[in-house]
Amino acid sequence: MSSFFNELKRRNVIKAAIAYAVVAWVLLQVLSIVLPSVDAPEWVMKTIILLLLISFPFWVFVSWVYEVTPEGLKKTENVNKDQSLTATTNKRLNVLILVGIVAAIAVTLFQPKAGYMSSTNTVKYSIAVLPFKNMSTDNENEWFCDGVTEDILTYLSKVSGLRVISRTSVMQYKNTDKTIPEIAKELGVSYLVEGSVRRQNNQVLITAQLIRANDEHMWSENYNENLNDVFKIQQEVAKKIVDQLKIHVSPDEEKALNTAVTTNLDAYELYLRGRGIADTRTKENLEKSIELYQEAIKLDPQFAEAYAEIANSYMLLHPYSNLDISEAIDKAKLYVDKALIINPNTVRAFTVLGSIFYYEENWDKAKENFEKAIAINPNDATAHHHFAIYYRDNPDHDIENLLKEINEAQRLDPLSYPINDVKLNALLQNNKIEEAQKHFMKTIFFYPAGRREDFEGLLNSLINKDLSELIYSYEHVLNEHPNNPDFHYTLSDYYNGIFNDKRMSLQHAKKAFELEPSSAAFARRYIYALYDNKQFEAAKKFLDEDVFLNLNDSIIKTIMLQDYYAYQGLNREALIYNEKLKAIDLDTYYFQKAWLYSRMGDAKSTYEILKNPNFHRDDGVKVMYFAGLKEIDSLYHYLDKISNYENPLIRIFRTRYVNGLSELDPYRNEPRYKEFLKKNYIPVDKQKN
């Protein structure tokens, strides 16, 4: 036996076997990292392991029978001992084993621990929970079925190692005929969950399966349980999916996976109905959603998410109806506080708080609450969406973080119109024109008439370097919708700011107001168009009518009466109305007073207001002041600042604003002003001077 063992050593069979094992182990570790990153099917790894196992005996046999010589492989028995390279082969195997061991240590150090994926790599491990099919005969169970879908989705979204597509995107695949690979490509995910629900009396049968993007089925299971155990089933499905993907789950995430939002099925159904109709963003449905959430709270007073969603609906009622923002905030705060008392980790409560502080212009607090929401649930698309809007609208205009946050929101909810709308805006603000154009063409079906023309006009303006494209886009859509007041209103603004065409601006302003006389914004646009066209008699008649008085608040009415005299050059009379603003709104009072002084040529009084550290105005307003004062150097200093804005959307907006000002009339034929217009894509040859 010892002679046989010595022969094995002499022929380097043992070292050859060790070298094979080390190299095979390193290869498998590398492949375990590489193959998932290219979405290789599981059978690839299994096949490689099988081949390595089958090859091992052949390797041992070859090392016994053959020896390496300068002439190549020869049978060991045919090699003279004087020619034998056993010692050389032995050294080579030692080097191979040593290199293999070093490689093994390196792979062990750099691969994810315990075979789990890195929780930061959310792109490779993204998942969508498709709407579960309702297999019940009763259509009323559709809401219950959607609840199963949403609950599994909600549980999975609590795991930081996964990017989970939002419900608003996945619900668009309800009853779809599209294949798994098609859906996976559209949503940009690696895995999908699908299943079915059958509910009968007090029993529920749930089937769930996990599928790769290439339609390979990874796992499936059936659950036939008592209806009261449905929340437990949903938790179990989520955990099984996490286990299948080998995602590391933190203790906090484990706790979240074991916590249900409510244990009351009826309350949960009401909550889901509320969420469903609130997504439409109409005044009626937002109000109805609040009623449904309140019914859910009656059934489960500890339903924190329902309280938070009531607060969210109240905040949405401000932009989507006529609810005053202060009233919306007061009501939202009441329900947010209740939600956080019940559950201090209610994500929606923090997004609502962020929005409240956003409206109150408390930018530090707004940022703090949006960051809390994302820390609790990085998969919350709404939190990223609202955080992006915060970066867009705060005084710092952080367009890089705007794009970063809206990109994340869009990855989580790729089929959301509001999110895609903000993303396109963010791409334009970051001067990514080519990427914006591609995104617009890919998502053009999202945008309603009007908004589509906005983006089309902006893109064409930036590509062709001609803001006339904005007017052409709206004239085109107006041919299809001649009685749309919003389109007339926009064209009134564009004709004034781009062509300085006061006559066409008045024509469209008048038409917009006639089509929708209940709009305060349309009324204001119409009056200022009358001022610009020096039709003061018609303006005064309108100012005295009840429709105007009823539409506008005290600040707006006072400003318009002030401007009625100012536009006629009756500045002393205008100052009388300006003084009335002092008791109503101090900031507006000083803004208007500086404007009146500049029109009067009173530089000293204008500068006294401008020097106030609390009086901040943008460059466009300063252009207006210095144009009125006829201070040429300061005027062109601020015009040059506008021309050098890196953000193209703000540059376009400021340029349009400036070009529509009557204060600029004395400068329109100056070469320097014409150069400003050309530099900012306003056609000089189309100006109505």
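Can you confirm whether Glu253 is modelled with pLDDT under 95, in a helix (DSSP H, G or I) and open to solvent by less than 40 Å² (accessible area, probe 1.4 Å)?
Yes; evaluated as a whole, the condition is true for this residue.
Residue by residue, here is whether (1) among the basic types (Lys, Arg); (2) open to solvent by 70 Å² or more (accessible area, probe 1.4 Å); (3) in a helix (DSSP H, G or I); (4) on the phi > 0 side of the Ramachandran plot holds:
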{"position": "Gln172", "(1), (2), (3), (4)": "no, yes, yes, no"}
{"position": "Val189", "(1), (2), (3), (4)": "no, no, no, no"}
{"position": "Arg198", "(1), (2), (3), (4)": "yes, yes, no, no"}
{"position": "Ile211", "(1), (2), (3), (4)": "no, no, no, no"}
{"position": "Asn214", "(1), (2), (3), (4)": "no, yes, no, no"}
{"position": "Glu225", "(1), (2), (3), (4)": "no, no, no, no"}
{"position": "Ile233", "(1), (2), (3), (4)": "no, no, yes, no"}
{"position": "Ala238", "(1), (2), (3), (4)": "no, no, yes, no"}
{"position": "Ile241", "(1), (2), (3), (4)": "no, no, yes, no"}
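Need pairs with beta-carbon distance below 9 Å; first residue closer than 21 Å to Lys641 by Cα and outside any helix (DSSP H, G or I) and within region 602-623, second open to solvent by 50 Å² or more (accessible area, probe 1.4 Å) and charged (D, E, K, R); sequence gap 6+ or separate chains.
Phe615/Asp587
Regarding region 360-378, can at least one residue be identified that is touching a His at 6+ places or on another chain (Cβ under 9 Å), in a loop (DSSP other than H, G, I, E, B) and open to solvent by less than 80 Å² (accessible area, probe 1.4 Å)?
Yes, region 360-378 has at least one match.
Would you check if Tyr590 is among the hydroxyl-bearing types (Ser, Thr, Tyr), touching a residue at least 12 places away in the same chain (Cβ under 8 Å), within 19 Å of Ala627 (Cα to Cα) and assigned to a helix (DSSP H, G or I)?
yes
It is to be established whether one or more residues within region 132-140 are assigned to a helix (DSSP H, G or I) and open to solvent by less than 20 Å² (accessible area, probe 1.4 Å). Working first, answer last.
Start the filter on region 132-140 by keeping residues that are assigned to a helix (DSSP H, G or I), which leaves 139-140.
If we keep only those that are open to solvent by less than 20 Å² (accessible area, probe 1.4 Å) as well, we get none.
No, region 132-140 contains no residue that is assigned to a helix (DSSP H, G or I) and open to solvent by less than 20 Å² (accessible area, probe 1.4 Å).
Within region 468-527, can you find the residues that are outside any helix (DSSP H, G or I) and under 30 Å from the mean Cα position of the chain (by Cα)?
Correct list: Asn484 only.
Based on what the data block shows, is Leu649 at pLDDT below 95, touching a helix residue (DSSP H, G or I) at 6+ places or on another chain (Cβ under 6 Å) and either among the hydrophobic types (A, V, I, L, M, F, W, C) or under 15 Å from Ile498 (Cβ atoms) (or both)? Before the answer, list the steps.
Details: at pLDDT below 95: yes; touching a helix residue (DSSP H, G or I) at 6+ places or on another chain (Cβ under 6 Å): yes; either among the hydrophobic types (A, V, I, L, M, F, W, C) or under 15 Å from Ile498 (Cβ atoms) (or both): yes.
So Leu649 fits the description; yes.
Open to solvent by 10 Å² or more (accessible area, probe 1.4 Å), touching a residue at least 60 places away in the same chain (Cβ under 8 Å) and outside any helix (DSSP H, G or I), is that true of Val193?
It is false that Val193 is open to solvent by 10 Å² or more (accessible area, probe 1.4 Å), touching a residue at least 60 places away in the same chain (Cβ under 8 Å) and outside any helix (DSSP H, G or I).
Against the condition touching a residue at least 24 places away in the same chain (Cβ under 8 Å) and open to solvent by less than 20 Å² (accessible area, probe 1.4 Å), how does Tyr489 come out, does it pass?
no
Go through region 272-318 and give me each residue that's among the basic types (Lys, Arg) and either more than 23 Å from the chain's Cα centre (by Cα) or closer than 19 Å to Ile329 by Cβ (or both).
Correct list: Arg273, Arg281, Lys283, Lys288, Lys298.
Run Ala449 past the list (1) part of a helix (DSSP H, G or I); (2) touching a His at 6+ places or on another chain (Cβ under 8 Å); (3) open to solvent by less than 70 Å² (accessible area, probe 1.4 Å) and report the number of the one that doesn't hold.
So the condition that Ala449 fails would be (1).
Please verify whether Glu284 is assigned to a helix (DSSP H, G or I), modelled with pLDDT under 80 and open to solvent by 60 Å² or more (accessible area, probe 1.4 Å), treating the condition exactly as stated.
no
Tell me, please, whether a residue that is under 20 Å from Leu530 (Cβ atoms) and modelled with pLDDT under 90 can be found in region 597-616.
no
Which residue, of Ile206, Ile152, is open to solvent by less than 10 Å² (accessible area, probe 1.4 Å), touching a residue at least 60 places away in the same chain (Cβ under 8 Å) and in contact with a Gly (Cβ under 8 Å, 6 or more places away or on another chain)?
Checking each option against the conditions leaves just Ile206.
Of the residues that make up region 333-340, is at least one crowded, with 18+ Cβ neighbours inside 10 Å, more than 23 Å from Val164 (Cβ to Cβ) and among the aromatic types (Phe, Trp, Tyr)?
Checked against the condition, which is being crowded, with 18+ Cβ neighbours inside 10 Å, more than 23 Å from Val164 (Cβ to Cβ) and among the aromatic types (Phe, Trp, Tyr), region 333-340 yields at least one hit.
Of everything in region 624-671, what is open to solvent by 30 Å² or more (accessible area, probe 1.4 Å) and in a loop (DSSP other than H, G, I, E, B)? Give them in sequence order.
Lys630, Glu631, Asn644, Tyr645, Glu646, Asn669, Glu670, listed by residue number.
For region 147-166, give me each residue that is outside any loop (DSSP other than H, G, I, E, B) and either of a type in the set (A, V, I, L, M) or more than 20 Å from Glu253 (Cα to Cα) (or both).
Gly147, Val148, Ile152, Leu153, Leu156, Val164
Inside region 530-574, counting only helices (runs of 4 or more DSSP H) that do not spill past its ends, which hold 1 or more residues that are open to solvent by 30 Å² or more (accessible area, probe 1.4 Å), aromatic (Phe, Trp, Tyr) and closer than 23 Å to Gln507 by Cα?
Once the helices (runs of 4 or more DSSP H) in region 530-574 are filtered for at least 1 residues that are open to solvent by 30 Å² or more (accessible area, probe 1.4 Å), aromatic (Phe, Trp, Tyr) and closer than 23 Å to Gln507 by Cα, what remains is 536-543, 554-566.
Return a yes/no flag: does region 452-463 have any residue that is under 30 Å from Glu675 (Cα atoms) and among the hydroxyl-bearing types (Ser, Thr, Tyr). Don't jump to the end; show me each part of the working.
Of region 452-463, the ones under 30 Å from Glu675 (Cα atoms) are 453-463.
Then keep just the ones that are among the hydroxyl-bearing types (Ser, Thr, Tyr); that gives 461.
Yes; the residues of region 452-463 include at least one that is under 30 Å from Glu675 (Cα atoms) and among the hydroxyl-bearing types (Ser, Thr, Tyr).
What pairs come up if the first residue lies in region 419-448 and is at positive phi, the second is in a helix (DSSP H, G or I) and at pLDDT below 95, and their beta carbons are under 8 Å apart, counting only those six or more places apart or on different chains?
So the pair list comes out as Asn431/Pro648.
For Ile329, are the conditions met, namely being assigned to a helix (DSSP H, G or I) and either open to solvent by less than 40 Å² (accessible area, probe 1.4 Å) or of a type in the set (Ser, Thr, Tyr) (or both)?
Yes: the conditions hold for Ile329.
Within region 344-364, identify whether any single residue is in contact with an Asp or Glu (Cβ under 6 Å, 6 or more places away or on another chain) and closer than 18 Å to Lys423 by Cα, and answer yes or no.
no
When region 379-415 is examined, which residues are found to be closer than 25 Å to Ile329 by Cα, within 12 Å of the chain's Cα centre (by Cα) and outside any helix (DSSP H, G or I)?
Passing the criteria: only Asp380.
The values are calculated or read from the model by the stated rules, or taken from the named source; none is laboratory data. Model, not experiment: these values are computed from the prediction. Neighbour counts run over all protein chains shown; Cβ positions are idealised from the backbone, glycine included. SASA here: full protein model, heavy atoms, side chains in, ligands and nucleic acids out. Shrake-Rupley method; radii C 1.70, N 1.55, O 1.52, S 1.80 Å.
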